[in-house]
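Reviewing the structure listed below.
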Amino acid sequence: MLKPFRTHLTVLQQEGYSISRFLSWWLSHPLTYSLSSKKGLVKTSKTGLITKLSLLYLALINFSLFYSGQLLLLLILDMVLLLAPFPLLFLSLLSLIPYEKINRYLTVERVRSAITSHSKLDVIGITGSYGKTSVKDFLCTILQPYAPTVKTPESYNTVFGIAKVVDLELLSKTRYFICEMGAYIRGEIRELTRMVPPQYAILTAIGSQHLERFKYLTNTTLAKFELIEAVKPSHALVNWDNPYIKEHLSLSKHKGTLTYSLTDPQATFYTHSHKLTPSGFSFSITHQGKSLSFNSSLFGTSNLYNLTSAISMAIILKVPYRIIKDQVAKIKSSPHRLELKRFGKAILIDNAYSSNEEGFTSLINDLSKIKGKKVLITPGIVELGKQTAPVHQKIGALCSGVFDKVILVGRSERTNNLERGITGKLKHNLSYIENSTNLWPLVEDLSKTYDWILIENDLPDTF
């Protein structure tokens, strides 16, 4: 496969096979023929079909022009398509639409039949703008000693990703299937709940992440609540501290939905007495008049929310307190999600997987309460749409009173607005690096001077 074609196919895959998003990338990267390989091309049946169809269309074009004697046009067109193969990709995707619609429908119905044939299986659906993968991982760690449990790995949260897990990992003895459900448009989670009908549901948060795709927070809210609508209110658990969730619950017919909170004692599950330290935190959860205490080596308020969510669902499932307490103490951070690593005298907070406004803000607030010199490395937050400028300026202002140095990755609307928001002494201790392909020599050098190094977000190749 020629390099430009492979590069464009990789970007197309990373953009969810959206032609409009791919063309937007191409217009801003017209001469990019290689990627940093942070996430390479995943060979699937779809990429194979697209490649074969593209070669077929190229062969038909060549045959037609050769047969008609237009050799100069043939030569020019071949050169253009070799450097910019998106017309071939577009034609291939267009050709696949009928097949894909039929295949998607058949996959949904086949998996639905497989799930409903498990007489003792309970499906726990998890969705949210952020936090869903960590909650899934934490809940799985708690449940596994209690009953056979399977989870969707990494970020497998689409129809075909979930179908693969059901086909390969779900066994007749499986008691719980923790299924992460993702969406970029309304209706996608409803489709997933038809394919994998849940008995329990968790909604972690609603926020500005992926706002560029959803366009409006109302769309995000309605999309995420499709999961809550698929289960009984007494089996649905939501983050009561999230303003968008709270507002929607007050306006909709979700009476009886269970809630968790770090601020409101009236929530079904109320987390209090939490003490955050560099080595973790201790906290208590009150439910039905009983207070249960826990200790964790995790870091950050965001993880405290994720833990509260996982523990609350385990209590709903009637997992014994002893098991929950023991397993919570064993939980480790999901890779690149507030993962603590020791570098010389410094502690590195690896939060490179993704970023969102609420989590970033929460982490800055956490670090403001901890002593030591701090440095931030970030390219900013992607897919904020029209909120890109105000959000980054606000975060820049928050950084000013917490960090001793800021290193911004790449020149963009995101980093330019972060710089605009930064004030005071930090303004003079700000620098840029071109990309984050190889950060470790930089981190090693920073560890000689700073006590805390935060890596917040790592851009995919499409940005």
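Looking across region 391-416, the residues that are within 27 Å of K369 (Cα to Cα) and within 22 Å of the chain's Cα centre (by Cα) come down to V391, H392, I395, L408, V409, R414, T415.
L442 satisfies every condition listed in (1) surrounded by 18 or more Cβ atoms within 10 Å (Cβ to Cβ); (2) out of contact with any Lys or Arg (no Cβ under 8 Å at 6 or more places or on another chain) except (1). Kindly evaluate N103 against the criterion of being under 30 Å from Q199 (Cα atoms) and polar (S, T, N, Q). It is true that N103 is under 30 Å from Q199 (Cα atoms) and polar (S, T, N, Q).
For region 336-376, a tally of residues being under 12 Å from S302 (Cα atoms) and of a type in the set (K, R) returns 1. For Y305, the conditions (1) under 21 Å from F360 (Cβ atoms); (2) crowded, with 18+ Cβ neighbours inside 10 Å; (3) touching a helix residue (DSSP H, G or I) at 6+ places or on another chain (Cβ under 8 Å); (4) not hydrophobic (A, V, I, L, M, F, W, C) all hold with the exception of (3). The selection criterion, being loosely packed, with under 11 Cβ neighbours inside 10 Å and either closer than 30 Å to I331 by Cβ or in the same structural domain as S355 (by TED's automatic domain parsing) (or both), does not hold for V123.
Yes/no per residue for (1) modelled with pLDDT under 80; (2) farther than 15 Å from L89 by Cα; (3) among the polar types (S, T, N, Q):
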residue: W26; (1), (2), (3): yes, no, no
residue: P30; (1), (2), (3): yes, yes, no
residue: K39; (1), (2), (3): yes, yes, no
residue: K46; (1), (2), (3): no, no, no
residue: S54; (1), (2), (3): no, no, yes
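Taking first residues from region 91-116 that are within 16 Å of V165 (Cβ to Cβ) and surrounded by 16 or more Cβ atoms within 10 Å (Cβ to Cβ) and partners that are acidic (D, E) and modelled with pLDDT of 95 or more, the Cβ contacts under 7 Å between residues at least 6 apart in sequence or on separate chains come to V108/E191.
Against the definition (under 22 Å from G131 (Cα atoms) and assigned to a strand (DSSP E or B)), how does T271 come out, yes or no? When the stated conditions are applied, T271 passes them. Every condition in (1) closer than 21 Å to I323 by Cα; (2) touching a Ser or Thr at 6+ places or on another chain (Cβ under 7 Å) holds for Y244 except the one numbered (1).
The single condition among (1) of a type in the set (F, W, Y); (2) under 27 Å from the mean Cα position of the chain (by Cα); (3) surrounded by fewer than 19 Cβ atoms within 10 Å (Cβ to Cβ); (4) under 30 Å from D326 (Cβ atoms) that Y146 does not meet is (2). Filtered by the rule that a residue be surrounded by fewer than 16 Cβ atoms within 10 Å (Cβ to Cβ) and at pLDDT below 95, region 193-216 gives K215, Y216.
One line per residue, one yes/no per condition, for (1) within 22 Å of L430 (Cβ to Cβ); (2) among the hydrophobic types (A, V, I, L, M, F, W, C); (3) assigned by TED's automatic domain parsing to the domain that holds K132:
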position: I324; (1), (2), (3): no, yes, yes
position: N351; (1), (2), (3): yes, no, no
position: S354; (1), (2), (3): no, no, no
position: K373; (1), (2), (3): yes, no, no
position: P379; (1), (2), (3): yes, no, no
position: Q393; (1), (2), (3): yes, no, no
position: G396; (1), (2), (3): yes, no, no
position: C399; (1), (2), (3): yes, yes, no
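Got at least one residue in region 274-291 being of a type in the set (S, T, Y) and touching a helix residue (DSSP H, G or I) at 6+ places or on another chain (Cβ under 9 Å)? No, that holds for no residue. When the test is whether a residue is among the aliphatic types (A, V, I, L, M) and either under 26 Å from the mean Cα position of the chain (by Cα) or within 30 Å of A352 (Cα to Cα) (or both), L27 passes it.
Do the conditions hold for S18, that is, is it closer than 27 Å to E188 by Cβ, surrounded by 11 or more Cβ atoms within 10 Å (Cβ to Cβ) and touching a residue at least 12 places away in the same chain (Cβ under 8 Å)?
Working: closer than 27 Å to E188 by Cβ: yes; surrounded by 11 or more Cβ atoms within 10 Å (Cβ to Cβ): yes; touching a residue at least 12 places away in the same chain (Cβ under 8 Å): no.
For S18, the condition - closer than 27 Å to E188 by Cβ, surrounded by 11 or more Cβ atoms within 10 Å (Cβ to Cβ) and touching a residue at least 12 places away in the same chain (Cβ under 8 Å) - is not met.
The set of residues in region 355-399 that are at pLDDT 90 or above, touching a strand residue (DSSP E or B) at 6+ places or on another chain (Cβ under 7 Å) and among the polar types (S, T, N, Q) contains only T378.
Name the residue that is farthest from E15 (Cα to Cα), counting only residues in region 169-184 that are surrounded by 13 or more Cβ atoms within 10 Å (Cβ to Cβ) and out of contact with any Leu (no Cβ under 9 Å at 6 or more places or on another chain).
Step one: of region 169-184, the residues surrounded by 13 or more Cβ atoms within 10 Å (Cβ to Cβ) are 169-170, 174-184.
From what is left, the residues that are out of contact with any Leu (no Cβ under 9 Å at 6 or more places or on another chain) are 169, 180, 184.
Details: E169: 27, E180: 19, Y184: 11 Å.
My answer is E169.
Residues in region 260-288 that are farther than 20 Å from G359 by Cβ, surrounded by 18 or more Cβ atoms within 10 Å (Cβ to Cβ) and of a type in the set (S, T, Y): T268, Y270. Assessment of region 270-292 against the conditions (under 20 Å from P145 (Cα atoms), assigned by TED's automatic domain parsing to the domain that holds S129, within 25 Å of the chain's Cα centre (by Cα) and in contact (Cβ under 8 Å) with a residue 12 or more places away in the chain) yields no matching residue. Taking (1) over 24 Å from T257 (Cβ atoms); (2) hydroxyl-bearing (S, T, Y); (3) surrounded by 19 or more Cβ atoms within 10 Å (Cβ to Cβ) in turn, T152 satisfies each apart from (1). Pairs are defined by a Cβ separation below 7 Å, a sequence spacing of at least 6 or placement on different chains, a first member in region 30-56 that is under 22 Å from S155 (Cβ atoms) and among the polar types (S, T, N, Q), and a second member that is modelled with pLDDT of 75 or more and not in a helix (DSSP H, G or I); the pairs so defined are S36/N435; T47/L41. Which residue is farthest from the chain's Cα centre (by Cα), if the candidates are limited to region 167-180 and must be among the aliphatic types (A, V, I, L, M) and modelled with pLDDT under 95? Once the filter is applied, the top-ranked residue is L171.
The values are calculated or read from the model by the stated rules, or taken from the named source; none is laboratory data. No experiment lies behind these values; they were computed from the predicted model shown. Positions of Cβ are generated from backbone atoms using ideal geometry, with glycine treated the same way; all protein chains shown enter the neighbour counts.
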